[in-house]
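Asker: First the structure, which I've put down as structure tokens, then a few questions once you've had a look.
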Amino acid sequence: MEELTGVVDSVVFDSGDGRFSVFRLVPDGRPGHVSVTIPSAAPLVGQEVSLQGAWVEHPRFGSQFKASQIHVAAPTSAQGVLRFLASGAVQGVGPAVAQRIVAQFGAESLNIIENAPHRLTEVSGIGKKTAKKIYESYHEQHELKEIMLWLEMRGVSGTYGARIYRQYGSFALEVLEQDPYRVAREVAGIGFRTADAVAMADGGESDSPQRIAAGIRFVLDSVASSGHCCLPEERLVRETASMLGVDASLVRETVRDEIETGRLFFETEAEETLIYPASLYAAETETSEALLFLANHAEAFPVEDPEDFAREWERADGVTLAEGQRSAVAAALRYGVFILTGGPGTGKTTVVRGMIGVLEKLGLTVRLGAPTGRAAKRLGEATGRKATTVHRMLEAQAGDDGQTVFGRDEDTPLEADVIILDEVSMMDIVLMQHFLAAVPRGCHLILVGDVDQLPSVGPGTVLADILRSKVFPSVRLTDVFRQAGESLIVRNAHAVNAGRMPDCAPGGAFEFRALFSEEETAAAIVSLCRDELPALGLDPLRDAQVLSPMHRLECGIDRLNRLLQAALNPSAPYAPELTAGGFSYRVGDKVMQIKNNYEKNVFNGDVGFVEAIGDKRLVVRYGEDNAAEYKREEMGDLQPAYAMSVHKSQGSEYPIVILPVVMGHRAMLQRNLLYTAVTRAKERVILLGSDRALRVAVGNDRTRRRFTLLAARLARAAE
């Protein structure tokens with residue numbers, strides 16, 4: 001690590017989300033300027049900074065100092081004060097006014113603004129109103145400076161100061177001094193470890209109840225991001241004690257205190273105590289109660305024989321259903337809650353069409369939904385009816401605190417006699433909780449999905465748990481019908497799901513290309529997309545999708561995105577680019593929205609193409625009727641989509657799926673992941689990598705256990 005000190009001269013780029021910035025530095029003891037990049041928000045112009053990092057050679061921008069740490073101080077010299085004031089950071093002060101202020105007061109200018117703002121009227125061109133405006137604006141900057149210096153004095157990067165100040169304003173220092181762990185709970189982008197560093201540097205005790213309680217919440221939040229709703233008490237105690245370096249008995253005592261105060265909850269199952277955060281306990285219990293209520297309070301439909309009614313639809317629609325399919329259609333008329341599951345080619349879509357047909361024949365209002373926009377679009381196309389995302393069905397919007405607020409709930413329920421949800425394996429316990437709260441009394445609910453696919457990204461295994469409880473009637477379709485059965489992709493998907501190696505043929509609909517190394521595999525994927533597919537008249541960005549199990553390593557999502565962008569959309573002289581999160585976006589790039597944005601009408605998982613790049617903003621085209629503009633501070637909502645995770649691909653279909661299968665991804669080589677990936681393809685699957693890795697994936701049916709008690713809770717309540 002090298003050290004570089006100097007004064008910030010100008011800010012070249014700031015991502016706006018605190019993740020990345022570029023600024024120009026006047027270094028101490030050497031002429032000229034230095035370009036500095038740092039994975040944080042930019043410092044203020046005129047600040048004196050001390051940087052730690054290394055010199056790098058950028059292929060386009062030349063020599064740069066890549067900083068990993070930054071320490072800041074207020075401007076002290078007249079020249080530093082001038083740069084700060086001339087930067088525009090203080091309202092009412094431009095370069096000319098800054099020159100006059102510094103000419104009048106020199107290095108004491110900031111002291112005058114802060115402590116004797118009336119003296120600003122001594123400067124030519126500054127009246128009382130302007131002096132007040134300068135003082136108020138600087139006061140905000142001064143408070144921010146105080147927060148940044150307060151953090152720096154405690155060994156924590158001052159670049160967190162802007163986020164903390166935006167959240168708490170003038171009360172920021174009071175919050176930091178009294179309860180730094182509150183910052184971790186309430187400020188986006190600041191986690192427990194940063195808050196803990198602040199607390200410890202400010203003299204906090206390592207075994208304080210406040211710190212231990214925050215550590216417990218951090219561990220529970222961490223496991224929730226891995227899909228768990230709860231955690232065994234002893235594991236929670238062990239992991240928290242190890243992370244904090246405190247005695248396990250103190251953690252156990254704090255867990256009990258948090259339970260008594262209602263901040264944590266517990267359940268006992270098979271002599272094991274499981275600890276929940278309050279939000280997930282509520283989500284699981286309310287989901288269980290709502291499902292049982294719907295099952296027990298469904299309106300009876302005026303049909304004497306549902307099976308005969310289903311046969312009438314078959315005759316009218318010219319469709320012949322298999323016995324299992326007909327039973328499923330009839331079940332839609334019989335039960336308040338019904339689950340339909342099955343793999344590709346087993347006729348789920350035909351059954352859903354039959355359900356809609358018989359329900360509409362009775363004059364019932366049927367609503368269709370799915371967790372993602374792409375899944376909803378597929379459902380709508382397959383049924384010829386309108387289908388929406390669950391979020392849109394619930395009239396979701398962003399609240400004042402940035403959290404999602406739903407316009408439909410128990411007080412303003414949905415208007416429907418029957419609701420059919422597809423791709424339910426993708427729904428986590430929290431979304432299911434909010435959805436069920438909005439389902440009206442007497443409504444029938446039909447849940448459809450492939451239980452063998454990957455579970456949701458969020459906590460819980462909702463569809464699998466509902467089936468596992470055996471409380472509600474369900475039909476699992478297993479017969480692959482002739483037309484679908486002729487598809488090698490469908491046959492191989494079922495083979496993989498059964499633990500058998502797929503039938504692969506060079507150049508066929510399902511192909512495996514054996515390669516010697518991960519570097520060679522990545523290069524082969526690039527060559528396939530750049531050369532082979534275009535030679536066949538295919539667009540590699542619209543006719544194919546590269547998937548990968550992991551973000552890291554040679555064949556990970558991050559590296560493949562960079563390689564594919566360089567091959568398919570290379571940088572061009574004078575062409576505009578916009579850098580965010582370390583990735584330089586270009587016109588024509590394939591990108592994905594990773595957060596719901598109700599104002600832009602784009603949602604998590606939506607894929608589009610960069611259409612235009614302007615001054616610190618870009619435009620992404622999502623289909624013919626939606627173009628969304630992103631300011632640089634919103635760029636954190638996007639990521640490149642030349643390659644994406646298998647999880648992100650759920651609910652979608654692509655003509656061609658390309659998937660690396662390599663031993664470097666061994667931690668993720670699981671049967672349900674491979675099954676999910678290949679079932680995304682409509683026409684062709686191309687696997688590349690090692691035969692050993694493919695065999696590991698097919699043979700590994702040990703899915704990671706998720707701690708959730710929804711199945712047990714449903715079963716107990718139904719007894």
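Asker: So what is the accessible area of the range 281-421 per residue, in Å², with the probe set to 1.4 Å?
Answerer: Accessible area per residue: 45 Å².
Asker: Given R₀ = 30 Å, FRET efficiency for Arg119-Gln178 by Cβ-Cβ distance, to 0.05?
Answerer: Taking R0 as 30 Å, the efficiency between Arg119 and Gln178 is 0.25.
Asker: Considering only DSSP states other than H, G, I, E and B, which trypsin sites (Lys or Arg not before Pro) in the range 421-498 qualify as loop sites with at most 11 other Cβ atoms within 10 Å? Show your work: numbers first, answer last.
Answerer: Details: sites: Arg441, Arg468, Lys470, Arg476, Arg482, Arg491; in loops: Arg441, Lys470.
Taking the range 421-498 and a limit of 11 other Cβ atoms within 10 Å, the loop trypsin sites (Lys or Arg not before Pro) found are Arg441.
Asker: Given a 1.4 Å probe and the protein chains all in place, what does the accessible area of Asp422 round to, in Å² to the nearest 10?
Answerer: Roughly 30 Å² of Asp422 is accessible to a 1.4 Å probe.
Asker: Just name one of Val430, Ala162, Val22: the one whose Cα is farthest towards the positive end of the charge dipole of the chain (beta-carbon charges, Lys/Arg +1, Asp/Glu -1).
Answerer: Farthest towards the positive end: Val22.
Asker: I'd like the trypsin sites (Lys or Arg not before Pro) in the range 344-423 restricted to DSSP loop residues with at most 12 other Cβ atoms within 10 Å, sorted by number. The partial results should precede the final answer.
Answerer: Values: sites: Lys348, Arg353, Lys361, Arg367, Arg374, Lys377, Arg378, Arg385, Lys386, Arg392, Arg408; in loops: Arg385, Lys386, Arg408.
Within the range 344-423, the qualifying trypsin sites (Lys or Arg not before Pro) (loop, at most 12 other Cβ atoms within 10 Å) are Lys386.
Asker: Relative contact order for the range 81-225: what percent, with Cα pairs under 8 Å and sequence separation of 6 or more? Walk me through the numbers on the way to the answer.
Answerer: Values: 138 pairs, mean separation 19.8, N = 145.
So the answer I get is 14 percent.
Asker: Next question. Return the calculated 222 nm mean residue ellipticity for the chain, to the nearest 500 deg cm²/dmol, obtained by summing -39500 (n - 2.57) across DSSP H runs with n ≥ 4 and dividing by the residue count.
Answerer: Helix contribution divided over all residues of the chain: -11500 deg cm²/dmol.
Asker: Let me ask something else. Can you give the extra length, in nm with one decimal, that the chain gains between Ser170 and Lys470 once fully stretched, where that is 0.36 nm per residue apart less the Cα-Cα distance? Mind dumping the intermediate values first?
Answerer: Values: separation 300, 0.36 × 300 = 108.00 nm, distance 5.53 nm.
That pair, Ser170 and Lys470, stretches by 102.5 nm at full extension.
Asker: With each pseudo-label sitting 7 Å past Cα toward Cβ, what's the Ser517-Glu205 distance in nm, one decimal?
Answerer: 5.7
Asker: Separate question: Could you check how much of the accessible area of the chain is carbon and sulfur, as a whole percent, using a 1.4 Å probe?
Answerer: Details: 15210 of 32070 Å².
The value for the chain is 47 percent carbon and sulfur by accessible area.
Asker: Quote the FRET efficiency, to the nearest 0.05, computed for Glu140 versus Glu267 with a Förster distance R0 of 60 Å and r equal to the Cβ-Cβ distance.
Answerer: Numbers: r = 48 Å, r/R0 = 0.80.
Step by step, r from the Cβ atoms, then E = 0.80.
Asker: Now a separate question. Which Cα, out of Gln47, Ile212, His391, lies furthest along the positive dipole direction of the chain (beta carbon charges, K/R +1, D/E -1)?
Answerer: So the residue we want is Gln47.
Asker: Also: As a test, work out the antiparallel percent of DSSP beta bridges whose residues both lie in the chain, rounded to the nearest 5.
Answerer: Values: 61 of 101 bridges.
Taking every DSSP beta bridge within the chain, about 60 percent pair in antiparallel fashion.
Asker: Shifting gears a bit: Accessible area of Leu436, 1.4 Å probe, to the nearest 10 Å²?
Answerer: 10
Asker: To continue, here is another question. Excluding same-chain residues fewer than 8 positions from Lys590, which lysines have a Cα within less than 26 Å of its Cα?
Answerer: By straight Cα distance, Lys590 reaches Lys377, Lys600, Lys616, Lys631, Lys648, Lys682.
Asker: Just to verify a number: FRET efficiency for Lys129 and His551, C-beta to C-beta distance, R0 = 56 Å, to 0.05? Spell out each step's value before the answer.
Answerer: Numbers: r = 53 Å, r/R0 = 0.95.
Taking R0 as 56 Å, the efficiency between Lys129 and His551 is 0.60.
Asker: Using only the alpha-carbon atoms, what does the chain span along each of its principal axes? Please give whole angstrom values in decreasing order.
Answerer: Here the Cα extents, ordered largest to smallest, are 94, 65, 50 Å.
Asker: OK, next. How large is the dipole of the chain about the Cα centre if only Lys and Arg carry +1 and Asp and Glu carry -1, each at its Cβ, rounded to the nearest 20 debye?
Answerer: Values: 77 positive and 95 negative charges, 308 e Å.
My answer is approximately 1480 debye.
Asker: If you place +1 on the Cβ of every Lys and Arg and -1 on the Cβ of every Asp and Glu, how big does the dipole about the Cα centre of the range 26-132 come out, in debye to the nearest 20? Mind showing how you got there, number by number?
Answerer: On the way: 9 positive and 6 negative charges, 70 e Å.
About 340 debye.
Asker: Taking the Cα centre of the range 153-249 as origin and charging only Cβ (+1 Lys, Arg; -1 Asp, Glu), how large is the dipole, in debye to the nearest 20? List each step's numbers first, then the result.
Answerer: Numbers: 10 positive and 13 negative charges, 81 e Å.
Using Cβ point charges on Lys, Arg, Asp and Glu, the range 153-249 gives about 380 debye.
Asker: Is the range 502-627 best put as rounded, prolate or oblate by its Cα gyration tensor, with a ≥ b ≥ c the root eigenvalues, rounded for a/c under 1.5, and otherwise prolate when a/b is larger than b/c, oblate when not? Mind dumping the intermediate values first?
Answerer: Working: a/c = 1.86, a/b = 1.67, b/c = 1.12.
Because a/c hits 1.5 or more and a/b exceeds b/c, the range 502-627 counts as prolate.
Asker: Next question, about the same structure. Let me make sure I get this right: for the range 383-454, a, b and c are the square roots of the gyration tensor eigenvalues over alpha carbons, sorted descending. Under 1.5 in a/c it's rounded, otherwise prolate if a/b > b/c, else oblate. Which is it? Kindly include the intermediate steps, with their values, before the conclusion.
Answerer: Working: a/c = 1.76, a/b = 1.24, b/c = 1.41.
It is oblate, given that a/c is not under 1.5 and a/b is not larger than b/c.
Asker: Turning to a different aspect of this structure: What does the C-alpha gyration tensor say about the overall shape of the range 344-415? Classify as rounded when a/c is under 1.5, otherwise prolate if a/b is larger than b/c, or oblate. Could you put the intermediate results ahead of the total?
Answerer: Numbers: a/c = 3.50, a/b = 1.70, b/c = 2.06.
Oblate shape, in that a/c is at least 1.5 and b/c is the bigger or equal ratio.
Asker: Full-extension gain between Ala572 and Ala322, please, as 0.36 nm times their residue separation minus the C-alpha to C-alpha distance.
Answerer: Numbers: separation 250, 0.36 × 250 = 90.00 nm, distance 5.73 nm.
Extra length available between Ala572 and Ala322 comes to 84.3 nm.
Asker: Still on this structure, please answer the following. For the chain, which span is the longest to avoid every loop-located (per DSSP) member of chymotrypsin sites (Phe, Trp or Tyr not before Pro) having at most 10 other Cβ atoms inside 10 Å? Before the final figure, lay out the partial values.
Answerer: Working: sites that count: Phe516, Tyr574.
Within the chain, the longest run free of exposed chymotrypsin sites (Phe, Trp or Tyr not before Pro) spans 1-515.
Asker: Oh, and also: Could you please state, rounded to a whole Å, how far the C-alpha centre of the range 511-556 is from the C-alpha centre of the range 159-206?
Answerer: 44
Asker: The range 303-393: which GluC sites (Glu not before Pro) are DSSP loop and have at most 14 other beta-carbon atoms within 10 angstrom? Display every interim value, and only then the final one.
Answerer: Numbers: sites: Glu304, Glu307, Glu312, Glu314, Glu323, Glu360, Glu381; in loops: Glu304.
For GluC sites (Glu not before Pro) across the range 303-393 that sit outside H, G, I, E and B with at most 14 neighbouring Cβ atoms in 10 Å, the list reads Glu304.
Asker: Subtracting the Cα-Cα distance from 0.36 nm times the residue separation, let me have the gained length for Glu624 to Ala505 in nm, one decimal. Mind showing how you got there, number by number?
Answerer: Working: separation 119, 0.36 × 119 = 42.84 nm, distance 3.73 nm.
Full extension from Glu624 to Ala505 adds 39.1 nm.
Asker: Which residue, chosen from Leu541, Val183, Met355, occupies the Cα position most advanced towards the positive end of the dipole of the chain, where the dipole is computed from +1 (Lys, Arg) and -1 (Asp, Glu) charges on Cβ about the Cα centre?
Answerer: In the chain, that residue is Leu541.
Asker: Another question, if that's okay. Please tell me the relative contact order of the chain in percent, rounded to the nearest whole number, where contacts are Cα pairs under 8 Å and at least six residues apart. Mind showing how you got there, number by number?
Answerer: Values: 1364 pairs, mean separation 71.8, N = 719.
So the answer I get is 10 percent.
The values are calculated or read from the model by the stated rules, or taken from the named source; none is laboratory data. Since this is a predicted model, take the numbers as computed values, not measurements. Cβ atoms come from the backbone with ideal geometry, glycine included; neighbour counts cover every protein chain shown. Remember, those area values only see protein heavy atoms, side chains included, never the ligands or the DNA or RNA. Shrake-Rupley method; radii C 1.70, N 1.55, O 1.52, S 1.80 Å.
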